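The values are calculated or read from the model by the stated rules, or taken from the named source; none is laboratory data. Everything numeric here is computed off the predicted structure, so don't read it as measured data. Note: ideal-geometry Cβ built from the backbone for every residue, glycine included; neighbour counts use all protein chains shown. Remember, those area values only see protein heavy atoms, side chains included, never the ligands or the DNA or RNA. Shrake-Rupley method; radii C 1.70, N 1.55, O 1.52, S 1.80 Å.
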Amino acid sequence: MTDVKVSVLFVCLGNICRSPTAEGVFRTLVEAEGLGENFHIDSAGTGAYHVGQPPDPRAQAVALRRDIDISNQRARQARASDFQKFDYVLAMDDDNHAALSVICPPGLDHKLHLMLNFADGVEGHDVPDPYYARGNGFETVLDLLELANRGLLAHIREKHF
Ligand code: 4NP
């Protein structure tokens with residue numbers, strides 16, 4: 001087994017819907033491939049509105065239906081030092097990307113990526129914010145994040161392992 005360690009941070013606005021789901025999906029994926037020891041995985045929000053809160057109950061329920069338990073996560077706000085600490089900072093949408101660009105220290109913006117850049121065949125930039133949406137918003141988020149996280153893991157394997 002390789003002793004490579006890669007750190008990955010998923011970021012949305014509130015850190016209660018999309019990014020905790022992304023964290024749970026990615027953690028489940030790497031553990032299923034026996035790579036849990038090779039990763040440090042976390043998530044954060046660009047906003048501070050929900051700091052300390054668990055993921056939205058709708059996000060928890062939809063993830064659990066796919067055997068992904070995100071109940072232990074607690075929201076925190078993204079900070080400049082995350083760009084020193086993490087190798088990959090994944091923004092869920094263009095607004096998150098713009099907010100992260102503002103706090104990113106000089107010379108570290110190569111670490112900042114749009115999540116859907118790793119989702120082959122998906123049009124558009126944004127994992128849609130499901131917070132105020134009706135209908136299947138949370139299922140759509142999970143489908144997009146499963147696809148994008150498979151692409152992200154393939155990219156990391158090729159580049160680092
Ligand atoms: P998230 O969703 O960014 O995917 O966690 C949201 C959660 C809360 C709010 C907006 C989006 N809010 O306005 O409180």
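If the condition is being outside any helix (DSSP H, G or I), farther than 12 Å from A22 by Cα and either of a type in the set (D, E) or in contact (Cβ under 8 Å) with a residue 24 or more places away in the chain (or both), then segment 57-77 contributes R66, D67, A75, R76, Q77.
Just to be sure, is H113 in contact (Cβ under 8 Å) with a residue 24 or more places away in the chain, assigned to a helix (DSSP H, G or I) and either within 16 Å of the ligand (Cβ to nearest atom) or open to solvent by 20 Å² or more (accessible area, probe 1.4 Å) (or both)? Considered against the rule, which asks whether it is in contact (Cβ under 8 Å) with a residue 24 or more places away in the chain, assigned to a helix (DSSP H, G or I) and either within 16 Å of the ligand (Cβ to nearest atom) or open to solvent by 20 Å² or more (accessible area, probe 1.4 Å) (or both), H113 comes out as no. Counting only residues that are free of Cβ contacts under 8 Å to residues at least 40 places away in the same chain, small (G, A, S) and either within 20 Å of D82 (Cα to Cα) or within 9 Å of the ligand (Cβ to nearest atom) (or both), segment 1-39 holds 0 of them. Considering only residues that are away from the ligand (no atom under 11 Å from the Cβ), under 16 Å from F10 (Cβ atoms) and of a type in the set (D, E, K, R), look in segment 40-90 and name the one that is least open to solvent (accessible area, probe 1.4 Å). That would be D82.
When the residues of segment 116-130 are filtered to those that are assigned to a loop (DSSP other than H, G, I, E, B) and surrounded by fewer than 17 Cβ atoms within 10 Å (Cβ to Cβ), the one that is nearest to the ligand (Cβ to nearest atom) is P128.
Within the bounds of segment 100-110, is there any residue that is of a type outside the set (K, R), in contact (Cβ under 8 Å) with a residue 60 or more places away in the chain, more than 15 Å from the ligand (Cβ to nearest atom) and surrounded by fewer than 15 Cβ atoms within 10 Å (Cβ to Cβ)? No.
When D95 is tested against (1) assigned to a loop (DSSP other than H, G, I, E, B); (2) touching a Ser or Thr at 6+ places or on another chain (Cβ under 9 Å); (3) within 13 Å of V11 (Cβ to Cβ), only condition (1) is not met.
Just one of (1) within 14 Å of the ligand (Cβ to nearest atom); (2) in contact with a helix residue (DSSP H, G or I) (Cβ under 8 Å, 6 or more places away or on another chain); (3) in a helix (DSSP H, G or I) fails for T140. It is (2).
Residues of segment 144-161 that are exposed (fewer than 14 other Cβ atoms within 10 Å of the Cβ) and without any contact (Cβ under 8 Å) to a residue 60 or more places away in the chain: A154, E158, K159. Of all the listed residues (E23, E37), the sole one being modelled with pLDDT of 95 or more, in a helix (DSSP H, G or I), open to solvent by 60 Å² or more (accessible area, probe 1.4 Å) and acidic (D, E) is E37.
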